[in-house]
1. Using label points projected 7 Å from each Cα along Cα→Cβ, tell me how many nm separate Lys493 and Gln323, to one decimal.
2. If you split all Cα-Cα distances of the chain into 10 Å bins from zero, what percentages do you get per bin, shortest first?
3. Please compute the Kirkwood hydrodynamic radius over segment 234-330, one decimal place, Å, based on all pairs of different Cα atoms.
4. Where does the chain land at 222 nm, in deg cm²/dmol rounded to the nearest 500, when only DSSP H runs of n ≥ 4 count, each adding -39500 (n - 2.57), divided by all residues?
5. Work out, step by step, the length gained on full extension between Ala158 and Arg175: first 0.36 nm times the residue separation, then minus their alpha carbon distance; give nm to one decimal.
6. Taking all protein chains in place and a 1.4 Å probe, what share, in percent, of the accessible surface of segment 98-250 do carbon and sulfur account for?
7. If you fit an axis through the alpha-carbon atoms of helix 483-505 and take the longest principal axis of the Cα set of the chain, what angle between them do you get, 0 to 90°, nearest 10?
8. What FRET efficiency comes out for the pair Phe395/Lys247, r = Cβ-Cβ distance, R0 = 51 Å, nearest 0.05?
Amino acid sequence: MESNVRVRFAPSPTGPLHIGGVRTALYNYLFAKKHNGTFILRIEDTDQSRYVANAENYITEALEWCNIPFDEGPGKNEKFGPYRQSERKNIYKEYADLLIKTGWAYYAFDTSEQLDAHRKGHEAEGKTFIYNWHNREKGRLVNSLILTNEEIQNRINAGDNYVIRFKTPQDEILRMEDEIRGKITIDTNTLDDKILFKGDGMPTYHLANIVDDHLMEISHVIRGEEWLPSMPLHILLYRAFGWSAPKFAHLPLILKPVGKGKLSKRDGDKLGFPVFPLEYKNEASGDVSRGYKEDGYFADGFINMLAFLGWNPGTEQEIFSLQELIKDFDLSRVSKSGAKFNPDKACWFNQQYMQSKDNVELTDLYTPVLKEKGVLKDQEYVLKVVSFIKERAVFVTDFWELSSFFFEAPIEFDVKASKKNWKEGTSELMTAVALFISNIEDFSSENTEKEIKEWITNKEIGFGKVMQPLRLSLVGKLAGPHLFDIIAMIGKKETVKRIENAINKL
Ligand code: GLU
């Protein structure tokens with residue numbers, strides 16, 4: 001059974017992929033890999049009115065950046081292809097016709113004006129109009145259930161616009177099973193007769209989705225909770241076709257950090273965090289939305305954070321490599337209730353990953369920044385800088401702020417700190433310090449520390465009186481790593497020069 005696991009991520013290319021979509025892709029990926037199965041990407045682009053040209057590229061690039069590549073999909077192992085529904089158009093009509101033939105579906109000729117009138121009429125009475133068993137054969141609606149075969153043919157031949165609707169069975173309590181939510185029952189009389197095939201010759205999501213899941217031999221449908229209301233129709237469609245249905249798992253929503261409801265782009269804009277994996281430029285409006293990648297998040301940390309939005313391993317462990325996630329991921333540990341998004345936790349994950357990253361990798365990431373600023377030094381030097389600052393960094397984008405003084409002298413001095421620490425007599429004292437430093441032979445961090453501290457002790461001055469002005473001279477503020485590491489890194493000449501510069505300026 002294990003290797004028969006085939007799951008799909010089936011986004012509609014209507015814009016950038018929200019992190020909720022990335023999490024759906026991730027859970028599908030983890031589930032597939034755990035069971036030696038296949039992870040499929042299918043592009044559900046049957047709704048032409050919502051189609052966005054660059055969205056599919058965005059989706060594949062996002063999966064690539066997240067390091068959760070699909071095994072089958074557009075342009076890759078097209079065994080069950082094509083994988084874009086717009087390229088499978090001719091398949092669906094045949095299946096819609098089959099349902100008409102078997103009595104599971106019917107033609108409906110109601111015009112949009114007629115349907116609008118029904119809706120308005122119901123609204124006026126405080127009711128909601130539903131097209132289903134209670135009115136479909138009453139004569140007010142125009143469909144093949146009440147027309148004669150001849151009338152139907154005449155209408156079709158005359159080019160009348162029609163849709164194909166599902167004939168939902170009446171008076172049945174439908175029992176369903178969801179891998180996460182358990183048993184679910186629904187009274188079929190509450191369902192409406194959904195459109196399966198539209199007047200424009202395109203299937204609706206429901207028909208295309210079921211036909212493709214069947215033809216692509218999907219074993220498990222793992223998707224967002226917003227599709228739970230469609231599950232009864234989908235189960236009924238499998239029954240109508242005489243196919244066995246895959247297993248279903250509906251994932252909990254990702255919720256706003258504060259307040260109620262689904263996490264939206266607006267929450268991200270308001271609270272200052274991205275809701276998209278990659279930066280996205282809306283071609284129509286020119287708006288650019290932030291991305292996790294461009295904001296400096298590590299892909300593996302981002303994935304780790306996402307995995308925990310709705311799933312937990314049942315232990316205290318929070319840091320999981322992708323391989324560990326594959327091993328431990330289990331649908332039975334996915335929660336039923338929504339998962340609150342926490343932007344601080346996203347930063348926390350990144351910080352954790354920062355600490356465990358190899359310094360060479362971080363050096364490679366920092367190098368272009370230094371190059372652009374025109375202060376790049378040899379790799380060994382940058383590597384050391386990285387090792388000094390990484391524990392204080394959350395993002396690579398923090399590196400410059402934390403380490404600029406390793407590459408260039410401070411341009412200005414922190415006003416408050418200068419006022420407090422550069423007092424009467426400090427300039428004279430620092431002149432003496434500079435002279436002493438210029439005579440130190442062994443300029444290692446350990447030795448400069450030893451000699452300077454001895455010098456201070458012998459002079460019987462408080463440590464702070466020398467150390468604070470010294471730090472100010474070298475860094476420009478009272479921050480940064482171990483002072484003697486900085487001294488050893490920038491070297492004797494630069495140290496003395498910076499002290500002299502501070503004396504002149506402060
Ligand atoms: N095309 C649907 C979406 O955009 C897919 C839903 C499903 O996975 O069945 O989310």
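1. Each label point is offset 7 Å from its Cα along the Cβ direction, giving 4.8 nm.
2. Taking all Cα pairs of the chain, the binned fractions are 3, 15, 20, 18, 14, 10, 8, 6, 4, 2, 0, 0 percent.
3. 16.6
4. On the way: 19 runs with 223 residues, N = 506.
The helix-only estimate for the chain comes to -13500 deg cm²/dmol at 222 nm.
5. Taking 0.36 nm per residue and subtracting the Cα distance, the gain is 1.9 nm.
6. Numbers: 3680 of 7540 Å².
Roughly 49 percent, rounded to a whole number.
7. Its long axis makes an angle of about 70 degrees.
8. Details: r = 40 Å, r/R0 = 0.78.
That gives a FRET efficiency of 0.80.
The values are calculated or read from the model by the stated rules, or taken from the named source; none is laboratory data. No experiment lies behind these values; they were computed from the predicted model shown. Every residue, glycine as well, gets a Cβ built from its backbone with ideal geometry; the counts of neighbours run over all protein chains shown. Calculation scope for accessible area: heavy atoms of the full protein, side chains included, ligands and nucleic acids excluded. Shrake-Rupley method; radii C 1.70, N 1.55, O 1.52, S 1.80 Å.
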